[in-house]
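Read through the structure below, which is laid out as structure tokens, and then see the notes.
The values are calculated or read from the model by the stated rules, or taken from the named source; none is laboratory data. Since we're looking at a predicted model, the values are computed, not measured. In this analysis, Cβ positions are derived from the backbone assuming ideal geometry, glycine residues included, and neighbour counts consider all displayed protein chains. With ligands, DNA and RNA removed, areas are computed over all heavy atoms of the protein, side chains included. Shrake-Rupley method; radii C 1.70, N 1.55, O 1.52, S 1.80 Å.
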Amino acid sequence: MPRPIQATIDINALRHNLAQIKTAAPDALVWAVVKANAYGHGLERAMDGLRAADGIALLDLSEAERVRQWGWRGPILLLEGAFETRDLEMCSRLNLWHVVHCEAQIDMLAVHKTHQGHRVFLKMNSGMNRLGFAPQAFRAAWTRLNALPQVDEISLMTHFSDADGVKGIEAALTVFALHTQDLSGERSLCNSAAALRHAQALNVRADWIRPGIALYGSSPDFPLHTSNDWHLKPVMSLNAAIVGVQHLQAGETVGYGSSFVADRPMRIGVVACGYADGYPRSAPTGTPVCVNGIRTRTVGRVSMDMITVDLSDLPHAGLGSEVTLWGVPQQAAGSAILGAGVSIDEVALSAGTVGYELMCALSSRVPVHTSP
Ligand SMILES: *Cc1c(COP(=O)(O)O)cnc(C)c1O
């Protein structure tokens with residue numbers, strides 16, 4: 001028997017979340033963001049749930065190739081554009097739209113030989129200070145691109161640094177609007193947080209939204225809002241089984257470093273999931289977990305192949321019981337009930353990280369099942 005751990009990817013939940021996001025931004029076209037192997041969910045698998053998207057956004061040419069091979073004929077956007085001139089040949093061949101965020105990328109376009117004009121998304125740095133032209137340099141970049149025979153159509157984009165937080169998008173939006181006001185072209189502004197929180201309130205054009213995390217059922221602004229609040233369903237569930245049980249006396253300890261000390265007699269379940277499976281080692285005692293669908297907590301340190309959970313109040317749980325690390329129990333997957341199980345956001349918060357990181361870190365040694 002294989003080790004009792006598996007991830008389940010719920011394609012219906014993905015469809016549901018996409019529809020939910022469309023409801024939040026009813027006038028916008030949707031780039032479904034599938035970078036990083038669809039946030040760890042598996043690219044081809046995710047594509048099955050994203051047929052209703054208007055475009056697919058990603059970073060890697062190899063991923064773009066896989067999306068075309070899968071059969072996607074619609075728009076594909078390279079979110080970081082070309083890394084070298086040669087990449088543009090692939091853009092021409094696969095008909096990829098690409099971001100232009102710096103002068104060097106315009107230089108590459110200027111020497112690129114193509115019969116087919118490219119559609120580019122010119123990116124402004126509106127305060128994130130990662131990729132993009134400074135607002136003051138934006139118009140000059142647009143003018144330069146517009147003069148190139150290699151460029152067919154220019155769209156305008158930016159990426160918000162604080163769509164999920166208290167600072168919000170007001171300042172960035174003002175800068176973007178000011179420096180683009182008389183430039184033609186479609187606009188793309190919002191990630192998941194901006195689309196869910198601000199899309200209806202935007203008073204500038206926002207033709208394309210770029211949701212990623214919300215598609216996968218994690219709340220972009222947890223704990224302010226839960227995935228339930230946004231009516232999103234978990235797409236990834238991670239389930240394992242109890243492979244050992246220990247009875248502790250008061251004063252006995254659990255795991256490496258003896259970091260957890262029992263203050264009373266306890267029953268402990270040993271679960272076939274550790275940090276080598278993608279469970280965060282930083283998750284402390286008290287991180288929520290479900291056993292047979294009932295919530296309890298982890299105790300002691302996460303080790304490479306195992307974690308330990310408190311069964312003291314779960315007399316019916318024991319060897320073989322199902323443990324839900326995040327998402328919903330196996331039996332419930334496919335008919336994911338809003339709010340059941342343990343949200344990946346809760347586990348992430350407890351471990352001092354975000355749902356994004358946990359999804360992306362699911363280990364390749366974990367078998368993945370697709371549901372339905
Ligand atoms: C990853 C990414 C997104 C998606 O962000 P989420 O927070 O996952 O919705 C949108 N736009 C760009 C440029 C990105 O890199």
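Key figures
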read-out	value
Separation in nanometres of the label points that stand 7 Å from Cα toward Cβ, at Ala104 and Glu65	2.3
Qualifying trypsin sites (Lys or Arg not before Pro) in the range 64-111, DSSP loop, other Cβ atoms within 10 Å at most 12	Arg73, Arg86
Length added when fully stretched, Glu357-Arg139, from 0.36 nm per residue minus Cα-Cα	74.9 nm
Estimated inter-spin distance, Ser184 and Arg51, nm [label 7 Å along Cα→Cβ]	3.6
Full-stretch length increase - Ser364, Asn228 - with 0.36 nm per residue and alpha-carbon distance subtracted	46.1 nm
Whole-Å semi-axes of the ellipsoid equivalent to the range 11-216 (Cα gyration tensor, √5λ, descending)	25, 23, 13
Of all DSSP beta bridges in the chain, antiparallel share, percent nearest 5	50
Sequence-distant residues sharing a close amide H with Ser155 (under 5 Å, placed H)	Val120, Phe121, Leu122
Helix runs (DSSP H) in the chain reaching 18 Å along axis by Cα, Kyte-Doolittle at least -0.5	11-24
Where a label projected 7 Å from the Cα of Gln200 along Cα→Cβ would reach, residues of the range 13-46 with amide N under 16 Å	20-28
Accessible surface of Asp263 - all protein chains present, 1.4 Å probe, nearest 10 Å²	120
Spin-label proximity, Thr174 to the range 98-125 - amide N less than 18 Å from point 7 Å beyond Cα toward beta carbon	125
Estimated FRET transfer efficiency when R0 is 51 angstrom, pair Arg86-Asp263 (beta carbons, to 0.05)	0.20
Set of the range 149-173 residues, backbone N closer than 12 Å to the point 7 Å along the Cα-Cβ line of Met128	157-164
Net charge dipole size for the chain [Lys, Arg +1 and Asp, Glu -1 on Cβ; Debye, nearest 20]	280
Ellipticity estimate at 222 nm from DSSP helix runs (n ≥ 4, -39,500 (n - 2.57)) divided over the chain, nearest 500	-7000 deg cm²/dmol
